[in-house]
Amino acid sequence: MSQQTNTDQQIIIARDVHKWFDSFQALKGVSMEVKHGEVVVIFGPSGSGKSTFIRTLNRLEEHQRGTIIIDGIELSHDVRNIERVRREIGMVFQQFNLFPHLTVMQNITLAPIWVRKWSKEKAEEIATQLLERVGIPEQAQKFPGQLSGGQQQRVAIARALAMQPKIMLFDEPTSALDPEMIKEVLDVMVGLAKSGMTMLVVTHEMSFARAVAHRMYFFDAGTIVETGTPDQIFKNPQEARTKLFLSQILEH
Amino acid sequence: MTVASKDTAPPAPPTALEWVRKNFFSNWINALLTILGATVVYFALVSLATWAIKTADWSPITAAPLLFLVGQYPREELWRVGASTLMVTFLLGMSWGVWKRYLRPFAIFLAILMGLLAIFPLETPTITLPIRVFMLINPVLIFLGYRLGRSRRVPSRVVAILWLVVLLLIPLVILPGFTGSSLLPQVPTSVWGGLLITLLLSVGGILISFPFGVLLALGRRSSLPVVKWFSIFFIEVVRGVPLVTILFMFSVILALFLPTESRIDRVIRALMGIVFFSAAYTAENVRGGLQAIPPGQVEAAKALGLKNVHITSLIVLPQALRLVIPTTVGQFISLFKDTTLVYIVGINDLLGMGNAVLKLRPEFVRLQMEVYLFIALIFWIFSYFMSYASLQLEKALGVGER
């Protein structure tokens, strides 16, 4: 319980996190602390470990060395702790991962009903509010396959929010979308950030980072190369690798 | 440039004449082939019909139709089979009303078939007036069940439960009866036969083996080593052995190991063999479906905090089972026909009954063609309806498919 003192401020504490896939080392000692309400953008070249890192935070990937404490709960092999942490963390994936055999409404209410044990009525009421918040209340009875990519991703955000999480993780949420649909998803995310949600976002959408990020982390080869506010990162990057990467993605 | 964006009507569908010309007479070679093919089909059908009506001698079937249906089931207890049939037809009618078009062809076909059989002119003493009346009640019950189901007074859940109750009640209570009971005296399975046995073994085999197959498929992917190795062992051993061998093992070896007083009924033993065999194949089919589910589905469910049992039952299995409907129904059709192998362990199923009838009278011996064609027709009707049902099921569950 010694961590309890930290959690008033830091909702996520990751210290010296290591992760191997067989002999390939994906994370080489990553440390990060995130405060309540902070919006963090993580960027870097593919294979740099940024997705792997946020996936260790809700134990979709198991870290092999180091410590991860989420809202005062340390992630270990204890299954009950993992389930407790997952209830407090919402996640949005690059490929949406909606459940194709369930309607939009069922997608959103599934976890509140089965995990939070809410009544169907309460879950549907909250789902309706969330669908309005992400701008697609009229799609509730459709199946995911009948929606556009942008609409699917907004349903995925509503599905994650339905559990009323304290933290939201976004793993390249706009990378699989057609250009004209990126904005509708980013708008929802900006609104969420402004509402005070703690967010970790892996993305290359630098407009989003400029608009709402409090901190940015540049990952390369399994380590954090540089961190700072968007101002510092965009105007005055310290590391040569950061400069090179930024020049590559900001060119077009 | 506003003209370009104007919608135009789709091209008109071809008329019947155009369709025939395009598909059958597009050039002179195709026209020749069409005429040639039509001639062959015409003469084949005519000669088959002439044979069936004039030459063929259907007396083995008309002489003992009940043997094909129920075997030696005591004629004075026949009302039990009749009552069971009525329950099923009534439920079928009700299901037609509740689930609408998916069951309509079955119900209508069965109603027409039963109605035709009731009035079919047969000069045979076995088809008594009560039997004809019974046949005629079936279509009436189907219709009454349909009206009741359509009136929405019966929820679909109740119909499903009724099916379960009836499918358990018929083979466990109504048909076997009890020793010493006056209403339902015991009828040993040794006198059951014909279509009754075929349906019992195949419906029982399919319904019992399916849940076991799903469990084995899940077990094979389990992270618990004991469960995993048991599942692999079971599946690979059973799949490596022919069904005939399994049936022999269950009917002979199982009987040797168990003391005489605790002997399991031989039909149950055969059913156990069929369930073993079918479960192993179902397991591999279902495993194929499980593997087709993208890992992102499980990740998303995990990220929402769902427990493993809920991830499997709510996310993975519903999608996996829908994917394997065609292969699983195909396997069940094979199983349905494979039940004829129980003939080898001395159980008189439909095919076995056919062979028995051929030996009934000396003049029947040369009538194999007629008897086997009749049996083939019955198997075909059931198999065809199974594959039709699978298509309907795919359509019903295919909503919102990616």
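The values are calculated or read from the model by the stated rules, or taken from the named source; none is laboratory data. Remember, it's a predicted structure, so these values are computed and weren't measured experimentally. For neighbour counting, all protein chains shown are included, and Cβ atoms are generated from backbone atoms with ideal geometry for every residue, glycine included. Side chains included, ligands, DNA and RNA excluded: accessible areas come from the protein's heavy atoms. Shrake-Rupley method; radii C 1.70, N 1.55, O 1.52, S 1.80 Å.
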- Message: Quick query: amide H of B:GLY193 versus all other amide H atoms, modeled in the peptide plane; which residues come in under 5 Å with a sequence gap of 5 or more or a different chain?
- Response: B:GLY71, B:GLN72, B:TYR73
- Query: Using modelled backbone amide H atoms (1.01 Å from N, in-plane), which distant-in-sequence or interchain residues come within less than 5 Å of A:LEU27's amide H?
  - Reply: A:LYS19
- Task: Scale the Cα Rg of chain B by the rule-of-thumb value 2.2 N^0.38 Å and send over the ratio, two decimals.
- Result: 1.20
- Which residues does a label at A:LYS28 reach in region A:203-227, if reach means a backbone N under 16 Å from a point 7 Å past the Cα toward the Cβ? A:218-226
- As straight-line cross-link partners of B:LYS302, the qualifying lysines (C-alpha separation under 19 Å, not fewer than 8 residues apart within one chain) are A:LYS117, A:LYS166
- Contour excess over end-to-end distance, with Cα ends at B:ILE208 and B:TRP79 and 0.36 nm allotted per residue: 43.8 nm
- Of the accessible area of chain B, with the probe set at 1.4 angstrom, what percent is carbon plus sulfur? 72 percent
- Query: Among A:PRO112, A:PRO237, A:PRO179, which one shows the biggest mean-square fluctuation in a GNM of chain A, springs joining Cα atoms closer than 10 Å?
  - Reply: A:PRO179
- Task: With an 8 Å cut-off on Cα pairs and a minimum separation of 6 or more residues, tell me the relative contact order of chain B in percent.
- Result: 18 percent
- For A:VAL92, enumerate residues with amide H under 5 Å from its amide H, sequence gap 5+ or separate chain, H modeled in the peptide plane. A:LEU169, A:PHE170, A:ASP171
- Roughly speaking, what is the stretch gain from B:GLU363 to B:TYR384, that is 0.36 nm per residue apart minus the C-alpha to C-alpha distance, in nm to one decimal? 4.3 nm
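Compactness ratio of region B:190-362: Cα Rg over 2.2 N^0.38 Å, N = residue count? Mind dumping the intermediate values first?
Working: Rg = 19.2 Å, N = 173, 2.2 N^0.38 = 15.6 Å.
Scaled against compact globular proteins, the figure is 1.23.
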- Query: Summing +1 for each Lys or Arg and -1 for each Asp or Glu, what net charge is found among the other residues whose Cβ lies under 13 Å from the Cβ of B:PHE248?
  - Reply: +2
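Accessible area per residue for the protein assembly as shown in Å², computed with a 1.4 Å probe and the full protein assembly in place, what is it?
Values: 33980 Å² over 654 residues.
Accessible surface, normalised per residue, equals 52 Å².
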- So, in nm, how far is label B:SER222 from label B:ARG21 when the simple model puts each one 7 Å beyond its Cα toward the Cβ? 6.7 nm
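If R0 is 45 Å, what FRET efficiency do you get for A:ASP78 and B:ILE174 from their C-beta distance, rounded to 0.05?
Rounded to the nearest 0.05, the efficiency is 0.25.
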- Can you name the helices of chain B, as whole DSSP H runs, whose Cα span along the helix axis is 24 Å or more and whose Kyte-Doolittle mean is not below 1.0? B:28-50, B:78-99, B:129-150, B:194-220, B:368-397
- Which percent of Cα pairs goes in each bin when the distances of the protein assembly as shown are cut into 10 angstrom slices starting at zero? 3, 11, 17, 18, 15, 13, 11, 7, 3, 1, 0
- For A:LYS50, A:LYS122, write out the residues from largest to smallest accessible area, computed with a 1.4 angstrom probe and no ligands counted. A:LYS122, A:LYS50
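With contacts defined as alpha carbon pairs under 8 Å and 6 or more residues apart, what's the relative contact order of region B:190-362 in percent? Could you put the intermediate results ahead of the total?
Values: 171 pairs, mean separation 62.6, N = 173.
With pairs under 8 Å counted, the relative contact order is 36 percent.
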- Query: Of B:LEU258, B:ASN285, B:MET353, which is farthest on the positive side of the dipole of region B:190-362, counting Cα position, with +1 on Lys and Arg Cβ, -1 on Asp and Glu Cβ, and the Cα centre as origin?
  - Reply: B:ASN285
